[in-house]
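Q: There's a structure below that I have some questions on.
The values are calculated or read from the model by the stated rules, or taken from the named source; none is laboratory data. Just so you know, these numbers come straight off a predicted model, no measurement behind them. Here the Cβ positions follow ideal geometry from the backbone for every residue, glycine too, while neighbour counts run over all protein chains shown. Accessible surface areas use protein heavy atoms only, side chains included; no ligands, DNA or RNA. Shrake-Rupley method; radii C 1.70, N 1.55, O 1.52, S 1.80 Å.
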Amino acid sequence: MLKGKTVLLGVTGSIAAYKTAYLASALKKQHADVHVIMTPNAVNFINPITFESLTGNKCLVDTFDRNFEFQVEHVELAKKADVCMVAPASANVIAKLAHGLADDMLTTTVLACQCPKIISPAMNTRMFENPITQDNIKTLRRYGMKLVEPAVGYLACGDTGAGKMPEPDVLLQYLLQEIAFEKDMEGLRVLVTAGPTQEAMDPVRYITNHSSGKMGYALAQNAARRGADVTLVTGQTNITPPLFTQVVPVISAQEMFEEVISRWEAQDIIIKAAAVADYRPIKVYAEKMKKSSQETNTVVELERTPDILQYLGEHKRNGQILCGFSMETQNMLENSRKKLQKKHADLIVANNLKQEGAGFQTDTNVVTIITETEIKPLQQMSKDQVAEAVLDEILSLKKEKTKKMNDSL
């Protein structure tokens with residue numbers, strides 16, 4: 001995802017510095033070119049050799065180190081970087097960055113950077129909450145730097161509170177959000193539904209399906225990384241919701257219907273990736289249904305749940321793009337084309353549950369994108385890759401619609 005991107009990591013004197021080694025490793029796995037600059041105090045917590053081994057690049061500490069090719073090193077790195085993250089960022093370095101002080105290799109380089117800058121504070125709770133530190137953080141934000149809110153928990157000093165540097169995976173998400181994709185969806189509002197719904201029978205039992213929510217979450221995450229304002233309406237899953245999205249948790253089909261309908265009109269793109277239960281029990285028992293020794297069969301009467309995609313298709317406003325999903329076990333193309341027409345959708349993403357590599361719970365998918373004019377089968381790929389391909393198609397349709405609307409004026 002980060003092939004061809006240069007990431008500059010700044011490490012300051014904090015016990016959390018060890019976490020940055022894991023972050024550097026994760027970035028290399030994403031094929032990023034990673035350069036690490038440490039403050040002199042940081043080397044008391046982790047050896048520069050660690051970062052050099054992980055990144056394959058020299059770790060810079062001394063502003064006047066002569067053991068590199070002749071060039072103004074801090075300026076060259078600043079020009080080369082696509083993003084700069086200081087993690088952990090001590091109170092001292094935050095103060096320096098807020099006021100333009102450049103007395104070591106790290107602060108000198110950051111001051112020369114014109115790329116996006118992300119700061120991850122890590123310090124004692126009292127230091128973090130000190131009004132001076134908070135003013136410095138506000139100053140960094142005013143200058144366009146992005147702040148990663150510190151985690152709350154037990155600190156190395158023995159205190160409990162805000163000040164912990166988040167885990168490397170969280171920091172990685174911030175970097176991916178910043179540079180993984182061009183912001184070709186900036187300014188667009190996107191609503192994605194994901195996961196299963198649960199239709200209660202009694203306080204214990206419910207009707208549901210095997211959806212994991214992975215496909216919908218991948219779509220929401222990809223859209224957010226491309227700059228969209230994303231709302232994720234999700235049934236219950238075991239997945240951590242993607243950062244940089246507004247998450248709306250629901251349980252039943254009725255709840256999902258109400259949450260989507262209350263927001264649909266403001267959206268530019270709606271993607272219905274949730275596996276919504278088609279039926280729910282007519283009667284929901286207040287107490288647990290007890291089995292009887294005389295009964296061998298029990299009948300549960302069902303009724304249809306609201307058809308969210310149908311409603312959206314019938315009320316779709318001009319310029320809005322509506323994408324539905326169709327999971328079939330037979331006659332996939334025929335059934336999905338009927339769904340496209342019946343639901344008034346702009347495209348349907350279809351797959352066959354019985355095909356290897358597709359379906360519920362998997363990390364891969366095999367889909368066919370169906371529009372009014374085209375049928376595009378895609379090879380097996382990760383759900384992240386499928387999400388990217390689907391959003392590419394949606395953007396193409398969005399541009400076509402916008403052009404037709406402008407031409408008609």
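Q: Among the residues that make up region 144-157, is at least one of them part of a strand (DSSP E or B), open to solvent by less than 60 Å² (accessible area, probe 1.4 Å), touching a residue at least 24 places away in the same chain (Cβ under 8 Å) and of a type outside the set (Lys, Arg)?
A: Yes, region 144-157 contains at least one residue that is part of a strand (DSSP E or B), open to solvent by less than 60 Å² (accessible area, probe 1.4 Å), touching a residue at least 24 places away in the same chain (Cβ under 8 Å) and of a type outside the set (Lys, Arg).
Q: Quickly run through region 116-137 and pick out the residues that are part of a loop (DSSP other than H, G, I, E, B) and buried (at least 20 other Cβ atoms within 10 Å of the Cβ). Step through it out loud before you land on a result.
A: So the first thing to find is which residues in region 116-137 are part of a loop (DSSP other than H, G, I, E, B), and the list is 116, 122-124, 130.
Those that are part of a loop (DSSP other than H, G, I, E, B) and buried (at least 20 other Cβ atoms within 10 Å of the Cβ): Ala122, Met123.
Q: Here's something else I'd like to know. Please verify whether region 201-210 includes one or more residues that are acidic (Asp, Glu) and either buried (at least 19 other Cβ atoms within 10 Å of the Cβ) or in a helix (DSSP H, G or I) (or both). It would help to see each step written out before you state the result.
A: First pass over region 201-210, keeping only residues acidic (Asp, Glu): 202.
Next, only the ones that are either buried (at least 19 other Cβ atoms within 10 Å of the Cβ) or in a helix (DSSP H, G or I) (or both) stay: none.
Among the residues of region 201-210, not one is acidic (Asp, Glu) and either buried (at least 19 other Cβ atoms within 10 Å of the Cβ) or in a helix (DSSP H, G or I) (or both), which makes the answer no.
Q: How many residues does region 240-263 hold that are within 30 Å of Leu171 (Cβ to Cβ), touching a residue at least 24 places away in the same chain (Cβ under 8 Å) and open to solvent by 60 Å² or more (accessible area, probe 1.4 Å)?
A: 2
Q: Can you spot a residue in region 89-107 that is under 19 Å from Ala24 (Cα atoms), open to solvent by less than 50 Å² (accessible area, probe 1.4 Å), outside any helix (DSSP H, G or I) and at pLDDT 95 or above?
A: Yes - at least one qualifying residue is present in region 89-107.
Q: Right, here's the next one. Please find, within region 60-87, the residue that is farthest from Gly144 (Cα to Cα) out of those that are at pLDDT 95 or above and out of contact with any His (no Cβ under 8 Å at 6 or more places or on another chain). I'd like the intermediate steps shown before the answer.
A: Step one: list which residues in region 60-87 are at pLDDT 95 or above, which gives 81-87.
Then drop every residue that is not out of contact with any His (no Cβ under 8 Å at 6 or more places or on another chain), which leaves 82-87.
On the way: Asp82: 15, Val83: 13, Cys84: 13, Met85: 13, Val86: 14, Ala87: 17 Å.
Among residues in region 60-87 that are at pLDDT 95 or above and out of contact with any His (no Cβ under 8 Å at 6 or more places or on another chain), the one farthest from Gly144 (Cα to Cα) is Ala87.
Q: Output the number of the condition that Asn297 fails; it satisfies all remaining conditions of (1) more than 19 Å from Ser212 (Cβ to Cβ); (2) open to solvent by 70 Å² or more (accessible area, probe 1.4 Å); (3) modelled with pLDDT of 95 or more.
A: (3)
Q: Does Val233 fit the bill of being modelled with pLDDT of 95 or more, of a type in the set (A, V, I, L, M, F, W, C) and surrounded by fewer than 24 Cβ atoms within 10 Å (Cβ to Cβ)? Before the answer, list the steps.
A: Numbers: modelled with pLDDT of 95 or more: yes; of a type in the set (A, V, I, L, M, F, W, C): yes; surrounded by fewer than 24 Cβ atoms within 10 Å (Cβ to Cβ): no.
Spelling it out, it is not the case that Val233 is modelled with pLDDT of 95 or more, of a type in the set (A, V, I, L, M, F, W, C) and surrounded by fewer than 24 Cβ atoms within 10 Å (Cβ to Cβ).
Q: For region 342-359, what are the residues that are closer than 29 Å to Asp268 by Cβ and either open to solvent by less than 20 Å² (accessible area, probe 1.4 Å) or part of a loop (DSSP other than H, G, I, E, B) (or both)? Steps first, please.
A: If we filter region 342-359 for residues that are closer than 29 Å to Asp268 by Cβ, which is where we start, we get 342-351, 358.
Scanning region 342-359 gives Lys343, His344, Ala345, Asp346, Leu347, Ile348, Val349, Ala350, Asn351, Ala358.
Q: Moving on to the next point. Mind telling me which of the residues Ser382, Ser396 ends up being of a type in the set (Gly, Ala, Ser) and either surrounded by 20 or more Cβ atoms within 10 Å (Cβ to Cβ) or in contact with an Asp or Glu (Cβ under 9 Å, 6 or more places away or on another chain) (or both)?
A: Numbers: Ser396 fails: either surrounded by 20 or more Cβ atoms within 10 Å (Cβ to Cβ) or in contact with an Asp or Glu (Cβ under 9 Å, 6 or more places away or on another chain) (or both).
The unique qualifying residue is Ser382.
Q: So which residues in region 362-409 are under 19 Å from Gly216 (Cβ atoms) and basic (Lys, Arg), if there are any at all?
A: Scanning region 362-409 gives a single hit, Lys383.
Q: Could you list, ordered by first residue, the pairs with Cβ atoms under 8 Å in which the first is in region 272-295 and within 19 Å of Glu258 (Cβ to Cβ) and the second is open to solvent by 40 Å² or more (accessible area, probe 1.4 Å) and of a type in the set (Val, Ile, Thr), at least 6 apart or interchain?
A: Taking only residues 6 or more apart or on different chains, the pairs are Ala277/Ile207; Ala277/Thr208; Tyr279/Ile207; Arg280/Ile207; Pro281/Ile207; Pro281/Val300.
Q: Moving on. Pick from region 158-169 the residues that are open to solvent by 50 Å² or more (accessible area, probe 1.4 Å) and under 19 Å from the mean Cα position of the chain (by Cα): which of them is farthest from Tyr18 (Cα to Cα)? Before you say what the answer is, go through the steps one by one.
A: Here is the first cut: in region 158-169, the residues open to solvent by 50 Å² or more (accessible area, probe 1.4 Å) are 160, 164, 167, 169.
After this cut, where a residue has to be under 19 Å from the mean Cα position of the chain (by Cα) as well, the list is 167, 169.
Numbers: Glu167: 11, Asp169: 14 Å.
Step by step, filter region 158-169, then rank; the result is Asp169.
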